[in-house]
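Input: a single structure, listed below in C-alpha cells.
The values are calculated or read from the model by the stated rules, or taken from the named source; none is laboratory data. The structure presented is a predicted model; accordingly, all values stated were derived computationally and were not measured. FYI the Cβ positions are ideal-geometry reconstructions off the backbone, even for glycines, and counts take in every protein chain you see. Note: accessible area is taken over every heavy atom of the protein model, side chains too, but ligands, DNA and RNA are not part of it. Shrake-Rupley method; radii C 1.70, N 1.55, O 1.52, S 1.80 Å.
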2 protein chains.
Amino acid sequence: MNSSLIHSPRRDRTTAAILDAAAHVLAADGAAASMADVANAAGVGRATLYRYFETRESLLEALAADAVAEAGARLADAGLDGVPVELAIERIVRAIVAVGDRYAIIVREGILPDREDEEVERLLGMPIRAVFARGVRTEVLRPDVTLDVLLELFGGLLTSTIKLVGQRRIGLEDAAAAVTDVFLQGSRAQ
Amino acid sequence: MNSSLIHSPRRDRTTAAILDAAAHVLAADGAAASMADVANAAGVGRATLYRYFETRESLLEALAADAVAEAGARLADAGLDGVPVELAIERIVRAIVAVGDRYAIIVREGILPDREDEEVERLLGMPIRAVFARGVRTEVLRPDVTLDVLLELFGGLLTSTIKLVGQRRIGLEDAAAAVTDVFLQGSRAQ
DNA sequence: CCGTACTGAGACACTAGTGTCTCGTAAGAG
DNA sequence: CTCTTACGAGACACTAGTGTCTCAGTACGG
C-alpha cells in the first residue's frame, strides 16, 4: 500500500517530531548539522528519517514551507489591516517570534527552494510591507528612511529577538513588547 | 630559510588578499564555502592557500582575529568615553559597519576559537557595554529593558545594516546615520 | 493472538572536501 | 642575467556526509 499518500496519525506525528527536531538542531548548529544529527535529535533512526524525507534538501524545503505557512497563517489571522500601525507591528512581532526557530532558519540565508521565495513574499513580505507602507503614508513611521531599509532593520531586530527567546533569556511576551517599543520609540529614555 | 617567520612585503600582501577574499566569500556563501572557493576568490592556487594557512580552521581563526583586532582598534580610536552617549553609539555603528564582512562572519555563530572569545569581550564587548551602561546610568537610555537585551537588539540592527551596506543598497554614511537614529529615536515619525 | 507494516541498526557505494606532496614553471632579488 | 623562491596544477590518501539497501525486531490494528 502506498503509505506516502495516506496520512496515518502516527506518520503525521513522526513527521511533526522530525520537523521540530530539525528546526531546533539547525537553529542551534547552523547548516553544519547533518542528517544523523537531526535523526538523533528527533529520536528516530537515520533510515527512518530518509523514509520521511528523501533527501536533505527536501527536508529543508519542507521545513521552510512549514515555517512560511505557519507564520503566514498567524499573520493572516492577525487582522493587520483593521488596526493602527503600531498595534499591527506589535502583532507582526508576536507572530514571527512565536514561530521562532522555524523562521530563523529561513532567514539564515535563503535555503529557500527558489519558487518558495514567491510564497515568502506573498504570505510574509506583502502583508508586512503593507503595514509599513501604511505607516509611512499615515505619517506614523518616519519617511526619511527607505521602506526597504526600514524593513531590513525590522528584520534584524526580529532575528536577534528570536535568538533571545530561543535562549530563554527573555520571555515571548516581554520580548514582543520590548522589540516593538524599541523599534517604534527607540532606546532613548522616556 | 624559514619564511614563516620573515614577513616579506609580498607575503603580507598575499595574506591580506586571501583574508579579504575569504571574508567576502564566507559572508556571501556562509560556512558552506570551501577552501577551493576561497582560493579561487583570492586568485591563488589551492596549494598556495594551504601554504599560508595550514588548515581551514586556522584560516577562520586568523579571519576572526583580524576582524576583532580591526574593529577593536577602531573602537579604541573612537574616544567613546569622552563624548555623549548618543555620539558614542553613532561612532560604534560607524566602526562596526566599516569592518563589515569581517565582522559579520564573527557573528554568524561563533567560529571563535574558544579563547578568542576573551578578545572579543575585551576589545568589543567591554567598550560597547560601557557606553550602554553609561547611557542607562545617565538616563539617556531606557532602563526598562535589560542591558543584555538592549545590546542584543543593537547587534541585530548592526547585522542587518552590514548586510544592507554589503549589498550596496545603502551607503555607509547613510546607514550609520539611519541605524543610529532608528535605534535611539525609533521608527516613529518626528 | 496473529500478521502486517513500520522501525533501528548497520553495511554499503558514492561524493565532496580536506590536507599532503611533487613537479615544472614563472617571477622577483641581487 | 642568473639563481632562488614561491607559485599553480594536479595526483593522492583520508575523512565525513549522503543516500540506498537489507534484515531482524517490535508495535499496533484487526
Of the conditions (1) open to solvent by 30 Å² or more (accessible area, probe 1.4 Å); (2) under 25 Å from residue B:93 (Cα atoms); (3) out of contact with any Asp or Glu (no Cβ under 7 Å at 6 or more places or on another chain), residue A:155 clears all except one; give me its number. (1)
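Within segment B:144-163, how many residues turn out to be aliphatic (A, V, I, L, M), over 14 Å from the mean Cα position of the chain (by Cα) and facing another protein chain (nearest Cβ under 7 Å)?
Selection size over segment B:144-163: 4.
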Quick one: is residue A:90 acidic (Asp, Glu) and outside any helix (DSSP H, G or I)? no
When residues of segment A:164-190 are limited to those that are facing another protein chain (nearest Cβ under 7 Å) and open to solvent by 60 Å² or more (accessible area, probe 1.4 Å), the one nearest to the chain's Cα centre (by Cα): A:169
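Residue-by-condition table, conditions (1) within 16 Å of DNA strand D (Cβ to nearest atom); (2) over 12 Å from the mean Cα position of the chain (by Cα); (3) more than 14 Å from chain B (Cβ to nearest Cβ):
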{"residue": "A:103", "(1), (2), (3)": "no, no, no"}
{"residue": "A:123", "(1), (2), (3)": "no, no, yes"}
{"residue": "A:127", "(1), (2), (3)": "no, yes, yes"}
{"residue": "A:141", "(1), (2), (3)": "no, yes, no"}
Quick one: is residue B:187 at pLDDT below 90 and out of contact with any Pro (no Cβ under 7 Å at 6 or more places or on another chain)? yes
Could you please let me know if residue B:100 is open to solvent by less than 30 Å² (accessible area, probe 1.4 Å), away from DNA strand C (no atom under 13 Å from the Cβ), on the phi > 0 side of the Ramachandran plot and out of contact with any Cys (no Cβ under 8 Å at 6 or more places or on another chain)? yes
Search segment A:49-61 for residues being near DNA strand D (Cβ under 9 Å from one of its atoms) and assigned to a helix (DSSP H, G or I), and hand back the single one that is farthest from the other protein chains (Cβ to nearest Cβ). A:51
Can you find even one residue in segment A:19-30 that is within 11 Å of DNA strand C (Cβ to nearest atom) and at pLDDT 90 or above? no
